[in-house]
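Trainee: Can you read through this structure? Questions will come right after.
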Amino acid sequence: MLPYEVGLQLGADWDRQTTTVRLTGNLANEPARVLTLMGTVGALPPARLVFAWTRAPSVPVILGQVNFFMEFDVCFYRSRSLFEVKSKSATQG
């Protein structure tokens, strides 16, 4: 999920994104478009990230809804209140 203002700050043009996506829950009536960006997480290599870019006000950036967990391995350590992100290429032999 990507808020409208963040997409604009990254240089995206709403009218040029022609593929729509249906949101669910409390955002079901909000318009959304598919937005593909190259992104980096820390010092890891850049990866293609796909977002549901919405005009809904006040939505958070949410990683993982479309492909974040396909591009990165994420380990959650609940007892220590932390998580670790690794590139999928770093974990493939």
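Trainee: May I ask you to list the residues in the range 37-93 that are more than 25 Å from D15 (Cα to Cα) and of a type in the set (F, W, Y)?
Mentor: Across the range 37-93, the qualifying residues are F69, F72, F76, Y77, F83.
Trainee: Would you pick out the residues in the range 2-16 that are assigned to a loop (DSSP other than H, G, I, E, B) and on the phi < 0 side of the Ramachandran plot?
Mentor: Let us first name the residues in the range 2-16 that are assigned to a loop (DSSP other than H, G, I, E, B), namely 10-13.
Passing the criteria: L10, A12, D13.
Trainee: Of P57, P46, which residue is more than 30 Å from E84 (Cβ to Cβ), modelled with pLDDT under 95 and not acidic (D, E)?
Mentor: Details: P46 fails: more than 30 Å from E84 (Cβ to Cβ).
From the options P57, P46, the qualifying one is P57.
Trainee: Related question: Would you check if L44 is in contact with a Ser or Thr (Cβ under 6 Å, 6 or more places away or on another chain) and part of a loop (DSSP other than H, G, I, E, B)? Steps first, please.
Mentor: Values: in contact with a Ser or Thr (Cβ under 6 Å, 6 or more places away or on another chain): yes; part of a loop (DSSP other than H, G, I, E, B): yes.
Answer is yes for this residue.
Trainee: Just a yes or no: is a residue in the range 36-48 among the charged types (D, E, K, R) and surrounded by 14 or more Cβ atoms within 10 Å (Cβ to Cβ)? Break it down stepwise before answering.
Mentor: Kept after step one, since they are among the charged types (D, E, K, R), are these residues of the range 36-48: 48.
Applying the additional criterion that residues be surrounded by 14 or more Cβ atoms within 10 Å (Cβ to Cβ) yields none.
Checked the range 36-48: no residue is among the charged types (D, E, K, R) and surrounded by 14 or more Cβ atoms within 10 Å (Cβ to Cβ).
Trainee: Could you count how many residues in the range 1-43 are of a type in the set (K, R) and over 30 Å from E84 (Cα atoms)?
Mentor: Residues of the range 1-43 of a type in the set (K, R): 16, 22, 33.
Right, trim to over 30 Å from E84 (Cα atoms) and you get 16, 22.
So the answer is 2.
Trainee: Can you name the residue in the range 64-93 that is part of a loop (DSSP other than H, G, I, E, B) and touching a strand residue (DSSP E or B) at 6+ places or on another chain (Cβ under 9 Å) and, of all such residues, is surrounded by the fewest Cβ atoms within 10 Å (Cβ to Cβ)? Break it down into steps so the answer makes sense when it comes.
Mentor: Keep residues of the range 64-93 that are part of a loop (DSSP other than H, G, I, E, B), which gives 64-67, 81, 92-93.
Going one step further and asking which of them are touching a strand residue (DSSP E or B) at 6+ places or on another chain (Cβ under 9 Å), we end up with 64-67.
Numbers: G64: 12, Q65: 14, V66: 18, N67: 15.
Out of the qualifying residues, it is G64.
Trainee: Can you name every residue in the range 17-33 that is outside any loop (DSSP other than H, G, I, E, B), modelled with pLDDT of 95 or more and either more than 18 Å from the chain's Cα centre (by Cα) or closer than 16 Å to V6 by Cβ (or both)?
Mentor: We begin by selecting, within the range 17-33, every residue outside any loop (DSSP other than H, G, I, E, B); these are 20, 25-27, 32-33.
If we keep only those that are modelled with pLDDT of 95 or more too, we end up with 20, 32-33.
A32, R33, listed by residue number.
Trainee: Starting from residues that are in contact (Cβ under 8 Å) with a residue 40 or more places away in the chain and crowded, with 16+ Cβ neighbours inside 10 Å, keep the ones in the range 7-35 and report whichever is nearest to L63 (Cα to Cα).
Mentor: Looking only at the range 7-35, we keep the residues that are in contact (Cβ under 8 Å) with a residue 40 or more places away in the chain, and these are 7, 12, 14.
With the extra rule that they be crowded, with 16+ Cβ neighbours inside 10 Å, the set shrinks to 7, 12.
Numbers: G7: 14, A12: 18 Å.
Ranking the qualifying residues of the range 7-35, first place goes to G7.
Trainee: For the range 52-63, does any single residue satisfy the condition of being part of a helix (DSSP H, G or I), touching a helix residue (DSSP H, G or I) at 6+ places or on another chain (Cβ under 7 Å), surrounded by 14 or more Cβ atoms within 10 Å (Cβ to Cβ) and not polar (S, T, N, Q)? Don't jump to the end; show me each part of the working.
Mentor: Residues of the range 52-63 part of a helix (DSSP H, G or I): none.
No, the range 52-63 contains no residue that is part of a helix (DSSP H, G or I), touching a helix residue (DSSP H, G or I) at 6+ places or on another chain (Cβ under 7 Å), surrounded by 14 or more Cβ atoms within 10 Å (Cβ to Cβ) and not polar (S, T, N, Q).
The values are calculated or read from the model by the stated rules, or taken from the named source; none is laboratory data. All values derive from a computational prediction rather than experimental measurement. No Cβ is skipped: glycine too gets one built from the backbone with ideal geometry, and neighbour counts run over all protein chains shown.
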